[in-house]
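*Asks:* Starting off with a structure, shown below.
Here, each number is a calculation from the coordinates, and none is a lab measurement. It should be emphasised that the depicted structure is a prediction, and the values quoted were computed from it without experimental measurement. All Cβ positions, glycine included, derive from the backbone under ideal geometry; neighbour counts span all protein chains shown.
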Amino acid sequence: MSQWESISAIAKKVQSSVFRAQSLVEQSLRTIEVRSDYRAIIATTDKRARERAAEIDSRITHGERVGRLAGVPFIAKDNFLAFGANTTAASNMLKNFDTPYQASAIERLEAEGAICVAKANLDAFAHGSSTENSDFFTTLNPHDKTRVPGGSSGGSAAAVILDMVPFALGTDTGGSIRLPAAFCGAVGYKPTYGLVSRSGVVAMSSSTDVIGPLTRNVDDAALVLDVIAGRDPLDSTTIERDPESYVHDKLLNIQNKEIGVIKEYMEDGLDSGVKEQIQNSVAKLKKAGAKINEVSLPSLPLALAVYYIICPAEVSSNLSRYDGQRFGYNYKAAKDLDESYIKSRSIGFGTEAKRRIMIGTHVLTSGYYDAYYKRAQIVRTKLINEMNSVFKKVDFLLGPTAPTTAFKIGANIADPLKMYLTDIMTVGANLTGVPAISLPVGSSQGLPVGLQLMAPQRHDRQLLQMAKTTEEVLA
Amino acid sequence: MAKLTRNDVLKLAKLAYLDLSSEEVEQFREELGEILDYVAQLQAVDIGTLEPTSQVTGLTNVTRLDEIIDYGVNRDDLLKNVPYIEAGQIKVKRVLA
């Protein structure tokens, strides 16, 4: 049982002075301290969190408005700019980066009274599926300390399941919210591409990066999304939000809904324990009246190959800004500017960042550009077309979030391609821009299993209602 | 196509402004080869006359008025991570040795 009630219940009790924001922050900081052996956290923002809590409590005393998330503590992945600590992206490159302003998502949460208490661990620059690529340390899975929490938002997922906070923020470029949610047993929501502003978040792969919440239940995820969604003048890729709330009071009438089980995700390579849990869930949804059919997206098995061209290409471009001159690690003993650039980058970046820069540079090199990068972009179009046509037949897609449960620490780290394959069931949603959610649906040999649901682009409201209904049906 | 030589790796490192140790060169030569072999499966796909996708929002030419907006961030905040500053300017090492 969690020590936290639902986010809306906590906020209501703070608004009506049943809870004090200051006590909630202390409770959160205490849990972070007690559970520090899981290494989910890079730094707390304790001083600022305590000041903000005191301010919120005082405003309540004076009868002022405190917002829909009043006093609710949360943790941000450490690639979000948030005051109160450095923003490191778990990298040696940004280890001493003194946060100059805040991410729009953090600003919007603060405007509704939420309080950031800590920054969570990740694979450095969000490159990875396990947090083992963090330049600082690996986070341990809350269910088994010998296993990874998934990544790259592994610290955020572990923090929620370790009960440190009611919610955490993550980023999802190829599955980095959904995968750790699945491995840790959390709800992980990846919105439609563009729905949440990325201003103030360390860029990875700009055509697929999205921001979203990790929570214990669907209502909490919907409420956080409702606060952070929508156009932002600081991020020109943002789209209009739904005029209606993303939080649903009512369940979906699933008798009228068609759900497509993705054939390609249920085939070879799927762990039998994961498959069993997914099939159980499908059986329960069927019993509840949903119309369920198997559907095929023939290009979906190619999504990972497309992703591992497009993502490193965009990574190599985005990481070119780290030249040691304006921010980030600077090599002091350089004799000239070129040496300063080269040494700052070579010492500041870890192995995975260098690996992705190298792949990205290769696929963008003239002579290879058409064969790799342009072809990947075209296959991406093919995938989008297939996704669009399947969504003419079904309302939602369903499948596992990952082919396995959480793997052992060290199991994949020496084999980058094997590590990349962890994302095989999540990258499809990123390349096509559709919203997707991972829901915890039981366990296999004591480890959580994640069920993934997807909907057409901009159908976030519908997806969250379907997810809430699924949660209820499976409870 | 995917077989890389040490020279290929060194050339890429130079383009990317990275100075790799000889172990890293060998490691990346092997790993990049494997990754490129994996992504080579796209070569067999029938792409017909499809156009490339570079973004998925459908938004084009997002503009705003050319006016100064105060975001509450000042110049000093933005310069506080710069390693060398002189007279409010970013100072870099000499360009010509």
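*Asks:* Semi-axes of region A:14-116's equivalent ellipsoid from the Cα gyration tensor, sqrt of 5 times each eigenvalue, largest first, rounded to whole Å?
*Replies:* Rounded to whole Å, the semi-axes are 26, 16, 10.
*Asks:* Per-residue Cβ counts within 10 Å, from other chains only, averaged over A:354-364: what number is that?
*Replies:* Average per residue, whole number: 6.
*Asks:* B:Lys3: which aspartates and glutamates have alpha carbons under 16 Å from its alpha carbon, excluding same-chain residues fewer than 8 sequence positions away?
*Replies:* B:Glu26, B:Glu30, B:Glu31, B:Glu34, B:Asp37
*Asks:* Pull up the cross-link candidates among the lysines for A:Lys263, meaning alpha carbon to alpha carbon under 20 Å and not fewer than 8 places away within one chain.
*Replies:* Cross-link targets: A:Lys275, A:Lys284, A:Lys286, A:Lys291, A:Lys382, A:Lys392, A:Lys393.
*Asks:* Taking a ≥ b ≥ c as the square roots of the eigenvalues of the Cα gyration tensor of region A:370-469, is the shape rounded (a/c under 1.5), prolate (a/b larger than b/c) or oblate?
*Replies:* oblate
*Asks:* Show me, for region A:184-189, the HN-Hα J-couplings you get by feeding each phi into the Karplus relation (A = 6.51, B = -1.76, C = 1.60, θ = phi - 60°), rounded to Hz, glycine and proline as x.
*Replies:* Running phi through 6.51 cos²θ - 1.76 cosθ + 1.60 with θ = phi - 60° gives 9, x, 9, 8, x, 10 Hz.
*Asks:* May I have the pair-distance distribution P(r) for chain A, computed from all Cα-Cα distances with 10 Å bins from 0 and rounded to whole percent?
*Replies:* Result returned by the calculation: 4, 22, 32, 26, 12, 3, 0, 0.
*Asks:* Compute the semi-axes of the equivalent ellipsoid of region A:218-339, taking the square root of 5 times each eigenvalue of the Cα gyration tensor, and list them largest first in whole Å.
*Replies:* 43, 25, 14
*Asks:* Let me ask something else about it. May I ask you to derive the relative contact order of chain B, considering only C-alpha pairs under 8 Å and at least 6 residues apart, and to give it as an integer percent?
*Replies:* This gives 21 percent for chain B.
*Asks:* Partner chain Cβ atoms within 10 Å, averaged over the residues of A:334-343 - can you pull that number for me?
*Replies:* For peptide A:334-343, the averaged partner shielding equals 4.
*Asks:* Averaging over every viewing direction, what projected area does the convex hull of the Cα atoms of region A:203-242 cover, in nm²?
*Replies:* 3.5
*Asks:* Next up: How compact is region A:68-140 by the rule of thumb for globular proteins, expressed as Cα Rg over 2.2 N^0.38 Å?
*Replies:* 1.13
*Asks:* If you count, for each residue, the other Cβ atoms within 10 Å and average over each peptide, how do A:143-149, B:44-50, A:34-40 line up from highest to lowest?
*Replies:* Most protected by this proxy first, the peptides run A:143-149, A:34-40, B:44-50.
*Asks:* Counting Lys and Arg as +1 and Asp and Glu as -1, each charge on the Cβ, what is the dipole of chain B about the Cα centre in debye, to the nearest 20?
*Replies:* The dipole of chain B has a size of about 520 debye.
*Asks:* With an 8 Å cut-off on Cα pairs and a minimum separation of 6 or more residues, tell me the relative contact order of region A:186-240 in percent.
*Replies:* Normalised by residue count, the contact order of region A:186-240 is 46 percent.
*Asks:* With a 10 Å radius around each residue's Cβ, average the other Cβ atoms per peptide and rank A:186-192, A:312-318, highest first.
*Replies:* A:186-192, A:312-318
*Asks:* Starting from the Cα of A:Lys145, draw a straight line to each of the lysines and keep only those under 19 Å, dropping any in the same chain fewer than 8 residues away.
*Replies:* The reachable lysines, counting only those whose Cα sits under 19 Å from A:Lys145, are A:Lys408.
*Asks:* How big is chain B in terms of Cα radius of gyration and Dmax, in angstroms?
*Replies:* For chain B, the Cα-based Rg and Dmax read 22.7, 58 Å.
*Asks:* Starting with the fewest neighbours, write out A:Val224, A:Val306 ranked by other beta-carbon atoms found within 10 Å of each beta-carbon.
*Replies:* The fewest-first ordering by Cβ neighbours comes to A:Val306, A:Val224.
*Asks:* Taking the Cα-to-Cβ direction at B:Leu50 and at A:Glu267 and moving 7 Å from each Cα, how far apart do the two end points lie in nm?
*Replies:* Here the answer is 1.6 nm between the modelled labels.
*Asks:* Sticking with this one: Taking the number of other C-beta atoms within 10 Å as the exposure measure, put A:Met266, A:Met1, A:Met387, A:Met466 in order starting with the fewest.
*Replies:* A:Met1, A:Met266, A:Met387, A:Met466
*Asks:* Here is a further query. Which of A:Ala159, A:Ser91, A:Gln377 sits closest to the plus end of the dipole of chain A, meaning its Cα is farthest towards the positive end, when Lys and Arg get +1 and Asp and Glu get -1 on the C-beta?
*Replies:* Looking along the dipole axis, the top candidate is A:Gln377.
*Asks:* Can you give the net charge of the other residues whose Cβ lies under 11 Å from the Cβ of A:Ala89, counting K and R as +1 and D and E as -1?
*Replies:* 0
*Asks:* Take peptide B:14-23, look around each residue's Cβ out to 10 angstrom, count Cβ atoms belonging to other protein chains, and average those counts.
*Replies:* Counting Cβ atoms of other protein chains within 10 Å of each residue's Cβ and averaging gives 6.
*Asks:* For region A:85-97, take each phi angle, set θ = phi - 60°, evaluate the Karplus expression 6.51 cos²θ - 1.76 cosθ + 1.60, and give the result in whole Hz per residue in order, putting x for glycine and proline.
*Replies:* Calculated HN-Hα couplings, in order: 7, 5, 10, 9, 6, 6, 10, 5, 4, 10, 3, 9, 6 Hz.
*Asks:* Okay, next question. Considering only DSSP states other than H, G, I, E and B, which chymotrypsin sites (Phe, Trp or Tyr not before Pro) in region B:1-93 qualify as loop sites with at most 15 other Cβ atoms within 10 Å?
*Replies:* Those satisfying the criteria are B:Tyr71, B:Tyr84.
*Asks:* Right, something else. Among A:Lys77, A:Lys250, A:Lys354, A:Lys374, which comes first, second and so on when ranked by fewest other beta-carbon atoms within 10 Å?
*Replies:* Ascending Cβ contact count within 10 Å gives the list A:Lys250, A:Lys374, A:Lys354, A:Lys77.
*Asks:* Moving on. What is region A:49-90's relative contact order, in percent, from Cα pairs under 8 angstrom and six or more apart in sequence?
*Replies:* Computed value for region A:49-90: 26 percent relative contact order.
*Asks:* Counting helices only, and only those DSSP H runs with n ≥ 4, report the 222 nm mean residue ellipticity of chain A as the sum of -39,500 (n - 2.57) divided by its residues, in deg cm²/dmol to the nearest 500.
*Replies:* Taking each H run of at least 4 residues, the total per residue is -11500 deg cm²/dmol.
*Asks:* For region A:1-72, just the Cα set please: Rg and Dmax, both in angstrom.
*Replies:* Considering region A:1-72 through its Cα atoms, Rg and Dmax are 12.9, 41 Å.
*Asks:* Please compute the Kirkwood hydrodynamic radius of region A:421-461 from all pairs of different C-alpha atoms, in Å with one decimal.
*Replies:* It is 11.4 Å.
*Asks:* Using only helices, what value at 222 nm comes out for chain B when you add -39,500 (n - 2.57) per DSSP H run of length 4 or more and divide by the total residues, to the nearest 500 deg cm²/dmol?
*Replies:* Per the formula, -10500 deg cm²/dmol.
*Asks:* When the expected Rg is taken as 2.2 N^0.38 Å, what fraction or multiple of it is the alpha-carbon Rg of region A:118-159?
*Replies:* So region A:118-159 has a normalised radius of gyration of 0.96.
*Asks:* Taking amide hydrogens as modeled 1.01 Å from N in the peptide plane, which residues meet the under 5 Å criterion relative to A:Lys291, leaving out close sequence neighbours?
*Replies:* A:Lys257, A:Ile259
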